[in-house]
Amino acid sequence: MPAPLRRWLRGIAAVLAVLAAALLLLRLWPHAALRDRIPLSTVVLDRHGAVLRITLASDAQLRLWTPLDQLPQPLIDAVLLHEDQHFFRHPGVNAVALLRAAVTTASGGPTLGASTITMQLARLLQQRNTRSIGGKLAQIGDALWLEARYSKREILEAYLNAAPYGGNLQGVGAAARLYFGKAPRELDLAQTLALAVLPQAPGTRTPRGVEGDSLRAARLRLFARWRAAHPESAAQAALVERPLRFARATPPFEAPHFTTLVLRERAETEQHTTLDLRLQKLLERRLKSHLAVTSREGVNNASVLLLDTRDMGVRAWLGSANFFDARIEGQVDGLLARRSPGSTLKPLLYALAIDQGLIHPLTVLKDAPSYFGPYAPENNDGSFLGPITAHDALIRSRNVPAVQLAARLQSPTLYRFLKNAGVALPKSERHYGLALTLGGGEVSPVELAQLYAMLANRGVFKPLQITANAAVADAPRLLSEEASFMVMDILRDNPRPDEVLWRPSRNRITPAWKTGTSWGFRDAWTAGVIGPYVLVVWMGNFDGRANPALVGLHTAAPLFFDLADALRTADPDMAEPIFSNPPRLAKVQVCAASGDLPNVDCPQRATTWFIPGVSPIKLSEVHRRVRVDTRTGRIACADAPESVVSEAVYEYWPSDLMRLFAQAGIPRRKPPVAGDCRSASPASAVRPPQIVSPIAGVSYVLRPAELGVKTLPLQAHADAATRALYWFADGAYLGSSAPGVAFAYAPSHAGRVQLTVSDERGGSDARALIVRLGE
């Protein structure tokens, strides 16, 4: 080879090497992604992918980004077939097509398109006027620059997300949703071909109910070419050749309060939320129907929150009755507003009282005039019922027993518990005092829903979730499983206000619910759990106006059950989440009158839940069998003839409770007074029990790992007339056993434990148990 030729070839090779290195450097040099150069809209989706809301991009365009790997291959192939068959083979400019178009135009022929996809993207990005020669040359330069810096896939992806589809609609993602109500991957072939040809002439081909002649002709021409490349598509000819009916829809604006919250808190361009649009619309319809009735009483507004306790996802969010109604200040989000919750916090108070060993469900409380310094709470009906079980006091929402329990709470108090649960009480505990129990604080429906979800989730507090796959924080336990279970069990006994029987479904779902009414009739509440959902209803006026109709039981509860009925009708297979029984939960038989362990003379007994070693329980002393002298009506003396003595069981209530019975109009037979006896009454013939195990004076050695696990036998001998023995450890009830039968006790800590055993008559024995730790 001649030397000059070799030098020339080496020079060409050097130039090519420099060009290759320059291109490689351009490609590798850090530069912004094409996606970052295109302003994007934000789309908010429900949990099933339905569009809730689409916002405008910063340039006032509707443009949704869809990654290339999420676009269907037929759509990509159709766009390339129609716009740029040689896209993957040219450097950004198709020189042959440009030359052909120039010759045709110069000779007076029809204008031919010669812009590649890269050139079209360059024009969209730079917003150039390409009708002039200078503009076209600049477009070519921009296209070559794009090809030097980005891959073909990146360029194709950007074009598909920026292509014009008429008006301010750009990109296949937004076009598919607003023209067909679908995601791009859900399009059929006819719709796919329509989106492939629309960007070529969006101004003249934009449909208005049915495709025009220009769009239809272009679509059918593309289909002819498509069939040549894809012979199997001939089977879809009837679908494609039918006139295509579609028009641009108004961008959706569903669940406006919820989507506003999502857009305010999240920055992603595609927001996948936990909301269920089907349930949202269902509750919106039922609320509208319900308010048509309550409006006659001046009740025109409400807020409703539906929360799924399984993942804490919001399923429906109704911030007001109508977002667009200025008369009710509809754009205010009532679910975030802080209002007096009335009595809706009482279930949490009772759960705390159970955990702190103050009550079990059948503990007898006092509903009587009470004073706590200058504070004297009253019941809503202005009356007092006297002795009442904790179960009935909660269901009947008695204020005085609730305040009495609140005054006895130690750690945490109700205030500290609410703060631990994220309730943003703005004032100090001293400011609220005991009135916090009755709604003297401020709680939002969102906070209340989280509290009731905690009860449903067996005492574990979890924040609600508005977006899917959001990071979940650690879930602290604020209540025991046992206390949460017991309170939920009580709330399920709360009867419906409309007296309609709640027909159990296949899975026997019964709502657990509670009402609340704020002072001055400004807020009516009902909150509760139905199956897997927490439902919170608030009714009132955003400006705080009072209305005598705003009573939780009469206004909010009917709406609550209307919505609950609608939910179960929509999902007949709705089921309660499955939980195992709380590990420490047990049942015990108590005397119905006192809530304590029944003695031998208790005439009526009931069964209740309790936590061994925690729940307060002792032997009942209310019922006593008394020998009465029929001549005097007094207690018979020891030397009274048997012919004039009869036995009867009387109730011995403390004097304050006897007064309450009298005030409540509940008659109680007074026990007889002692007789004028010269000799003492005979001692009981029944011997008290005697502990035989554990052995007195003996220390029991356990390894640390055996505490709370290894059991020691507790056993006592008793009189033949004794039917049951009740065991206590340091005053806390453990359980019962038959005389002579061992009771298994697992000490939870080392040290001295005072064991006590009692029979039904009050006879008892005590013994110290010493537990030491060994190797």
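Note that the stretch 130-254 presents 44 Å² accessible area per residue, ligands and nucleic acids not counted, probe 1.4 Å. From Cα pairs below 8 angstrom and at least 6 apart in sequence, can you work out the relative contact order of the stretch 337-474, rounded to a whole percent? RCO, the stretch 337-474: 31 percent.
For S620, the solvent-accessible surface with a 1.4 Å probe is about 0 Å², rounded to the nearest 10.
Sequentially through the stretch 575-583, phi angles give Karplus couplings (6.51, -1.76, 1.60; θ = phi - 60°) of 9, 5, x, 8, 10, 7, 5, x, x Hz, Gly and Pro residues having no value and appearing as x.
Sorting V299, V551 by accessible area puts them as V551, V299; the probe is 1.4 Å, largest comes first, and only protein heavy atoms count.
Put L71, L362 in order of accessible area, highest first, and with a 1.4 Å probe you get L362, L71. Of the whole protein surface, L261 contributes about 10 Å² of accessible area at a 1.4 Å probe radius. Over the stretch 207-263, Cα pairs under 8 Å with separation of 6+ residues give a relative contact order of 53 percent. The 3J(HN,Hα) values that the Karplus relation (6.51, -1.76, 1.60; θ = phi - 60°) gives for the stretch 41-54 are, in residue order, 7, 10, 10, 10, 10, 7, 5, 9, x, 5, 6, 9, 6, 10 Hz. Gly and Pro appear as x. A protection proxy built from the mean count of other Cβ atoms within 10 Å ranks the segments 734-747, 145-158, most packed first, as 145-158, 734-747.
Here's how it looks for S444: its modeled amide H is under 5 Å from those of R339, which are all 5 or more places away or on a different chain. Averaging sequence separations of C-alpha pairs under 8 Å and six or more residues apart, then dividing by the length of the chain, give the relative contact order as a whole percent. Relative contact order, the chain: 9 percent. Stretching the chain fully between L239 and R185 yields a gain of 17.7 nm (0.36 nm per residue, less the alpha carbon separation).
Karplus-derived 3J(HN,Hα) values for the stretch 158-174, using 6.51 cos²θ - 1.76 cosθ + 1.60 with θ = phi - 60°, are 5, 4, 4, 9, 10, 4, x, 10, x, x, 9, 9, 9, x, 5, x, 5 Hz; glycine and proline are entered as x.
Peptide packing for 523-529, 213-219 was compared via the average number of neighbouring C-beta atoms within 10 Å per residue; ordered from the highest value, the list is 523-529, 213-219. What separates the Cα centres of the stretch 533-578 and the stretch 591-639 is a distance of 43 Å. Label-to-label distance, A473 versus A638, with points set 7 angstrom from Cα along the beta-carbon direction: 7.1 nm. Among the protein heavy atoms, those of E481 account for about 50 Å² of accessible surface (1.4 Å probe, every chain in place).
Against the main long axis of the alpha-carbon atoms of the chain, helix 399-408 sits at an angle near 90°.
The tail of the calculated P(r) for the stretch 264-326 beyond 17 Å holds 51 percent of all Cα-Cα pairs.
Over what distance in Å are the Cα centres of the stretch 192-234 and the stretch 121-181 separated? So the separation of the two Cα centres works out to 20 Å.
Averaging the Cα positions of each part gives two centres, and for the stretch 349-363 and the stretch 241-263 these lie 51 Å apart.
In the chain, the longest principal axis of the Cα atoms and the axis of helix 256-265 are about 80 degrees apart.
If you sort M454, M658 by accessible surface, 1.4 Å probe, largest first, the order is M658, M454.
What angle do you read, to the nearest 10 degrees and between 0 and 90, between the alpha-carbon axis of helix 73-83 and the longest principal axis of the chain? The angle comes out near 30 degrees.
Shape descriptor for the chain: Rg over Rh equals 1.19 (Cα atoms; Rh from the Kirkwood inverse mean 1/r).
First select every other residue whose beta carbon is under 12 angstrom from the beta carbon of V649; then total the charges, Lys and Arg +1, Asp and Glu -1. Net charge around V649: +1. Please report Rg over Rh for the stretch 231-297, where both radii come from the alpha carbon positions and Rh follows the Kirkwood definition. Result for the stretch 231-297 is an Rg/Rh of 1.24. Across the cross-link table entries K366/K419; K288/K419; K587/K710, which are compared at the Cα atoms, the separations over 31 Å belong to K288/K419.
Summing Lys and Arg as +1 and Asp and Glu as -1 over all other residues whose Cβ lies under 11 Å from the Cβ of L418 gives a net charge of -1.
By the helix-only formula, in which each DSSP H run with n ≥ 4 contributes -39500 (n - 2.57) and the sum is divided by residues, the chain has a 222 nm mean residue ellipticity of -9500 deg cm²/dmol. At q = 0.15, 0.24, 0.25, 0.35 Å⁻¹, what base-10 log of I(q)/I(0) does the Debye formula yield for the stretch 345-386 when every alpha carbon is treated as an equal point scatterer in vacuo? Per q value, in the given order, log10 I(q)/I(0) is -0.49, -1.03, -1.05, -1.04. Give, as ranges by residue number, the residues of the stretch 122-143 whose backbone N falls under 16 Å from the point 7 Å along Cα→Cβ of T269. Flagged as within label range: 122, 124-126. For D523, the residues whose modelled amide H falls within less than 5 Å of its own, excluding neighbours fewer than 5 places apart on the same chain, are S518.
Spin-label model, R153 to I666: label points 7 Å out along the Cα-to-beta-carbon direction sit 7.7 nm apart. Computed over the stretch 327-409, the quotient of the alpha carbon radius of gyration and 2.2 N^0.38 Å is 1.32.
The values are calculated or read from the model by the stated rules, or taken from the named source; none is laboratory data. What you see is a predicted model; the values in this text were computed from it and never measured. Positions of Cβ are backbone-derived with ideal geometry, glycine not excepted, and every protein chain shown enters the neighbour counts. Ligands, DNA and RNA are stripped out before the accessible areas are found, and what is left, the full protein with its side chains, is counted by its heavy atoms. Shrake-Rupley method; radii C 1.70, N 1.55, O 1.52, S 1.80 Å.
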